[in-house]
Amino acid sequence: MTQLISWFASQLLLAVGLELPGYVWPITGVVILLFGGGPALLLALIPKSIPVRETGRAWAIGAGALALGTGLRALPELQNAWYLIALALSAGVAAFVLRRQGNTASVNAAWAAVAGLIVLVPFLWFGALGGWLETLLAIAAAIAVGSLAASTMDSRFWAAFESSRVKRVLLGGLIAGVTLALIAGGAGANGAQLLMLLVLPPLGFAAAALRHVRWLVALAALGPLAFFDPVEINIFLGFEDVPFWAFVSAALAWLIAAVLGLAYGLAEPLLSRVKRPVAAGVATAVALGAGAVYLVGGQPGFFGDQLFVVLKDQASLTGLPLTTGVGPQRDERVRQVYQRLVEHADRTQAPLRADLDRLNLSYQPYYLVNGIMVSGGPEVRAWLELRGDVDRILVDQRVRPLPRDLPQTTGDIREAPSTPLWNIEMVGAPDVWRLGARGSGIVVGSSDSGAEGTHPALAPGYRGGSDSWFDPWNGTTSPVDNGGHGTHTLATAVGKKNVGVAPDAQWIACVNLDRNMASPSLYLDCLQFMLAPFPHGGDPFRDGNPARAPHVLTNSWGCPAQEGCDVELTRPATNALAAAGIAFVAAAGNEGDRCGSIDDPPATDPAAFTVAAVNENAEITVFSSRGKPGSGKPDIAAPGQDILSAMPGGTYGLNTGTSMATPHIAGVIALMWSAEPALVGDLPATYSRIKENANPVTGVFTCGDEETQGAGLVDAPRAVFVGGE
């Protein structure tokens, strides 16, 4: 329960943009050692009963392992390889130090391997490996944990319960299970230990029957350590994604371990008479079967995180044209931004690309932020950090594949609304429509979970062509959406059927968040596509067409540290888009009314137009993130609670968040630029008019007015027609 509570507390803090300070974990480890290991140590030293003393010794060591493993969680969460190194070294050293004389190898090692392999099968089936180095480190850590368990429960431990077979299996197995629970609680970065706590404890009975622990525990521990990234065991991905399959694997492993304990306990006399070659043959057959499950039914291969290398020399944007309005001048402005960025990236990245080619390391260059995504782990990172042209290196977090596709999210309403919705009325869009501006001639770009191109609310507005859709996740060639978030937000901006603010605007889209956890490179994939769209399979550096860039971008996403981003990541990108005259509208975030909770890019970027959320009563919502004093964030507010919009499957549904507020502002800008084409690309004038003509909102202001609502609630007629005239 304490491990579950600590994990859940860390998840709740992440949900509001905070994290447990690193020092919490070592302090927790010390508390565990005092209150868990202390009494167990007394039990090991004071009583005269050998079984009681052996029990106390095992539990004291287990408490020490729990305390040490808990303290190691102070290591960076995104760098699981370092945790595995620390776990392997600490558990391995402890196993060696605790080894007692006379601890002979058990003749039942083969049967222990059989049990460990069978317990591992659910992880082979439903999980996926990380990078090759991370996998090797997980194997080393699993062997070290198994060795620690073996040194804790050695032949002298089992001899203390040898008065009868039943006593050894039942009482010794129960004591061994408690010991394994203690070791499991400290074995794995935060999240992985929850799986370990299901997998290891029921193996105590099988260990008691076999009087062998090492390979039983090592093989079983490999599943939680190698086949699920602890960062992905989180509430953000949801329980239909990695967390679901992780706990399904652990629950099945728990059931298998419990059954094996019963079976081994009953069959011990028979197993002890089987000759070693036969037992080894059975173990080999089980290993081959487990391998077949992995190769045929699992997700074979290595799916480790990558590195995003940000170079020191970012492109200068000075001296570029600042023309406004539609037509050739606008196209030339975007083209010059694109050309300067590409030329700068090609020139400054050349030495690093040459070295990567020489070392046969795969990579992908980027120009919108001058950086390179490199396939590699800690060993590559160590080399890159020595280079003088590298500014910083971010983990490019990649979620591992699932055993089956996620189900499509649909709405629960089949019919489109017959009249404009309350949120559309609140921003004043119908009043603008009646005066002739509906977004015609403006293209809105969406970076999100995708867009259902066949939806009645979206199909008429799709710009079309091979450069209006990009899916770096799955490589699809026409607009689709599995999660529904992108369809919902895009339809609020440009949808027909009474759900969109600018129903005559066109749209293009890109998938940057197919599974609710992305990475720096995936976010930049879509932003580069928005500056210079390219055809399917095209090269962003060579095939981009700036003349096809959208005018306005709606961005209902944020890149937190958990995904590998830092607060500076997207600033060169949003600055470049602003230099091209492309409006960049971003969600403030849903991290609550804590002052300074707007802390993830791109909402923090000065060039982003950041949006807070209000409810139907024009009150600021509790969930809407607040800015830091003097940050100028958020910029504006719009409806964001219980917003009805399009969903996949031709349906409609309600969603809540600053994600829903953001497309209202993108739609209002589309209306403004449709009504006044000369204003296109003039971001200072556009943003000023929206702010100066906003209306104040009410509600609970835990921070200052500007940090809570920005300029206030958007008023489309006043912004479009300058005060409503």
Between a residue in segment 528-551 that is in the same structural domain as Thr570 (by TED's automatic domain parsing) and more than 14 Å from Trp507 (Cα to Cα) and any residue that is of a type in the set (D, E, K, R) and in a loop (DSSP other than H, G, I, E, B), which pairs come within a Cβ distance under 7 Å, given they are 6 or more apart or on different chains? Phe534/Asp467; Phe534/Asp543; Pro535/Asp467; Pro535/Asp543; Asn545/Asp467
For Thr410, work out the one condition from (1) more than 29 Å from Phe239 (Cβ to Cβ); (2) under 27 Å from the mean Cα position of the chain (by Cα) it doesn't fulfil. (1)
Tell me which of these Ala149 doesn't satisfy, since it passes every other one: (1) in a helix (DSSP H, G or I); (2) of a type outside the set (Ser, Thr, Tyr); (3) within 19 Å of Ile5 (Cα to Cα). (3)
Out of segment 152-189, which residues are part of a helix (DSSP H, G or I), under 12 Å from Ile61 (Cβ atoms) and of a type outside the set (A, V, I, L, M)? Thr152, Phe157, Thr179
Just one of Ala176, Ala160, Ala150, Ala144 is assigned by TED's automatic domain parsing to the domain that holds Ala220, among the small types (Gly, Ala, Ser) and either under 28 Å from the mean Cα position of the chain (by Cα) or farther than 16 Å from Trp215 by Cβ (or both); which is it? Ala160
Collect the residues in segment 250-279 that are under 21 Å from Ala192 (Cβ atoms) and either in contact with a Leu (Cβ under 7 Å, 6 or more places away or on another chain) or modelled with pLDDT under 90 (or both), keeping them in residue-number order. Ala250, Ala251, Ala253, Trp254, Ala257
Hey, among Ser375, Ser440, which residue is of a type in the set (Ser, Thr, Tyr) and in the same structural domain as Ser521 (by TED's automatic domain parsing)? Ser440
Determine which member of the set Val286, Val282 is modelled with pLDDT of 95 or more, over 28 Å from Ser10 (Cβ atoms) and in the same structural domain as Arg99 (by TED's automatic domain parsing). Val286
Selection status of Thr419, part of a helix (DSSP H, G or I) and either under 30 Å from Phe228 (Cβ atoms) or among the polar types (S, T, N, Q) (or both): no
Which of (1) within 30 Å of Arg165 (Cα to Cα); (2) within 27 Å of the chain's Cα centre (by Cα); (3) buried (at least 24 other Cβ atoms within 10 Å of the Cβ) does Phe228 not meet, given it meets every other one? (1)
From the residues in segment 424-459 that are part of a helix (DSSP H, G or I) and under 33 Å from the mean Cα position of the chain (by Cα), which one is farthest from Thr476 (Cα to Cα)? Ile424
Considering only helices (runs of 4 or more DSSP H) wholly within segment 15-101, the ones with at least 3 residues that are on the phi < 0 side of the Ramachandran plot and within 35 Å of the chain's Cα centre (by Cα) are 24-32, 50-71, 80-98
Hey, can you tell me all the residues within segment 679-702 that are surrounded by 19 or more Cβ atoms within 10 Å (Cβ to Cβ) and either not assigned by TED's automatic domain parsing to the domain that holds Gly640 or not in a helix (DSSP H, G or I) (or both)? Val680, Gly681, Asp682, Asn693, Ala694, Val697
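The values are calculated or read from the model by the stated rules, or taken from the named source; none is laboratory data. None of these values were measured; they are calculated from a predicted model. All Cβ positions, glycine included, derive from the backbone under ideal geometry; neighbour counts span all protein chains shown.
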